[in-house]
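Input: a single structure, listed below in structure tokens.
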């Protein structure tokens with residue numbers, strides 16, 4: 001190595017104007033020049049330098065200057081490839097996972113990608129588990145939240161883990177507890193923890209506001225509901241945004257718009273009870289909803305059905321509501337049918353278009369129902385098609401084809417029958433009969449294993 005270094009120091013750096021002829025007559029100078037032009041700052045290895053020295057020595061007796069030039073050039077490329085793969089040129093080590101990201105995964109149950117985002121975005125200032133531990137203990141103990149509820153709460157408001165429990169969270173929890181007189185002790189205490197936990201989980205976003213602001217919002221709602229705390233709780237469970245809107249600039253303004261549009265000195269509370277979201281909308285949207293109820297299903301403010309119609313249309317845009325009504329009309333539903341649906345099964349209007357169409361095709365095409373048959377029990381249309389309706393229908397029709405059950409079965413009763421009773425009447429008694437194959441097929445379906453409501457793994461609703 002010392003010999004090579006001496007050679008490099010003693011060999012003058014050739015100028016950039018070195019001619020091709022000079023390069024061919026002085027290959028050693030050329031090799032030194034090319035090596036010095038190598039942009040990689042990492043020196044070649046000892047083995048490569050020895051190879052280069054050997055090549056220089058042998059090049060002195062080589063009869064072809066062009067061959068010498070080519071050999072040295074190829075050796076230079078080899079040096080550069082070796083240097084590029086050296087450890088010094090390797091990629092930097094990955095950034096370690098932030099402390100709070102790992103905490104969210106281990107203690108709260110966050111998915112890793114969501115945990116990394118939440119930790120970087122909302123919790124970057126935390127370096128100790130002391131405060132997050134206190135918050136999690138508060139949610140589990142004082143608020144009675146279960147692990148899934150804690151996950152849902154923190155995902156809605158990750159910054160809650162940086163909050164101070166005594167000064168920030170406890171006063172807010174006291175406001176929610178005041179809506180549930182049974183919380184803590186006395187009559188109904190056994191049910192109070194779960195009720196409090198459900199309310200707190202639903203209103204997780206409200207914990208981002210001050211206790212003073214929340215107290216003003218709750219005072220507004222209590223006054224509107226005439227002191228009916230149960231009504232306030234029901235409204236908050238359905239529309240937690242009631243606490244996220246300023247009571248003076250938003251809630252009061254929208255309440256005035258509802259009163260004005262409802263007219264006739266009517267009490268707006270029945271409308272608010274059916275559609276609390278009216279208070280968080282805008283006067284313009286409220287007017288559109290009123291118009292949709294009147295024009296689409298023919299129910300005006302003077303009708304007793306108007307609160308039900310508003311409750312059906314309010315969670316949707318007027319366009320989406322009009323589309324659902326148009327689809328129902330195409331299957332034979334009339335205004336009176338639609339008004340009954342809005343009163344007894346408003347969730348029907350919130351089914352996604354393809355889910356509603358699939359169910360209507362099943363009821364009218366497969367089962368042979370008329371709109372009146374469907375309306376004979378409004379909630380049957382809200383059961384899961386593949387998790388309840390279709391498997392039950394196929395089983396009973398199969399048993400009918402084998403003469404094992406009467407032909408005049410009332411399929412509305414079949415669809416709404418409790419799981420235990422249905423299994424007793426149409427499943428267990430035929431396990432060892434001629435219909436055993438049908439029964440075994442049904443027993444392998446989700447309909448047998450577990451009752452599947454519409455908001456489960458069956459179809460879904462759209463807001």
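The values are calculated or read from the model by the stated rules, or taken from the named source; none is laboratory data. Bear in mind that the values here come from a model prediction, so they are computed numbers and not experimental data. FYI the Cβ positions are ideal-geometry reconstructions off the backbone, even for glycines, and counts take in every protein chain you see.
Overview of results
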item	result
From the options 242, 271, residue that is assigned to a helix (DSSP H, G or I), closer than 19 Å to residue 207 by Cα and free of Cβ contacts under 8 Å to residues at least 60 places away in the same chain	242
Single residue of region 317-339 satisfying the filter (in a helix (DSSP H, G or I) and without any contact (Cβ under 8 Å) to a residue 24 or more places away in the chain) that is farthest from residue 373 (Cα to Cα)	319
Neighbours by Cβ (under 6 Å, 6+ apart or cross-chain): first from region 186-207, over 22 Å from residue 166 (Cα atoms); second part of a helix (DSSP H, G or I) and at pLDDT 95 or above	none
Residue in region 94-107 that is at pLDDT below 85 and either under 26 Å from the mean Cα position of the chain (by Cα) or in a helix (DSSP H, G or I) (or both) present	yes
Single residue of 352, 359 found to be surrounded by fewer than 20 Cβ atoms within 10 Å (Cβ to Cβ), within 29 Å of the chain's Cα centre (by Cα) and closer than 20 Å to residue 323 by Cβ	352
The one condition in (1) part of a helix (DSSP H, G or I); (2) out of contact with any strand residue (DSSP E or B) (no Cβ under 9 Å at 6 or more places or on another chain) that residue 369 fails to fulfil	(1)
Residue within region 281-297 that is buried (at least 23 other Cβ atoms within 10 Å of the Cβ) and assigned to a loop (DSSP other than H, G, I, E, B) present	no
Candidate set: region 126-146, residues that are in a helix (DSSP H, G or I) and touching a helix residue (DSSP H, G or I) at 6+ places or on another chain (Cβ under 7 Å); chosen: the one surrounded by the most Cβ atoms within 10 Å (Cβ to Cβ)	139
